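The values are calculated or read from the model by the stated rules, or taken from the named source; none is laboratory data. It should be emphasised that the depicted structure is a prediction, and the values quoted were computed from it without experimental measurement. Glycine gets a Cβ as well: all are built from the backbone with ideal geometry, and neighbour counts include every protein chain shown.
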């Protein structure tokens, strides 16, 4: 799916921790239809580390994402990984947003 100058790619996570790419087909009204339904979505390249450094800005981002994404179904959980303290191990998934729908 083309959005401005970006291409949206839908990938479904598999149980081994990798991902397998699925093709999204354009449906009625431009909404993509995934061949195999999933309750969890991974949105890549949504944020930068700098976006997540300030606690107040992080809370605002979480609230905005919850508000927008809840328009597409009953949203159970939003997970936005961010870098921990300097002595903490490297955080995985920084810049991604994970959405869990019921």
Do we find a residue being in the same structural domain as residue 97 (by TED's automatic domain parsing), at pLDDT 90 or above and loosely packed, with under 11 Cβ neighbours inside 10 Å anywhere in region 35-56? yes
With respect to residue 17, is the statement that it is assigned to a loop (DSSP other than H, G, I, E, B), at pLDDT below 90, on the phi > 0 side of the Ramachandran plot and over 12 Å from the mean Cα position of the chain (by Cα) true? yes
Selection from region 74-101 of residues at pLDDT 90 or above and surrounded by fewer than 15 Cβ atoms within 10 Å (Cβ to Cβ) yields 74, 76, 77, 79, 100
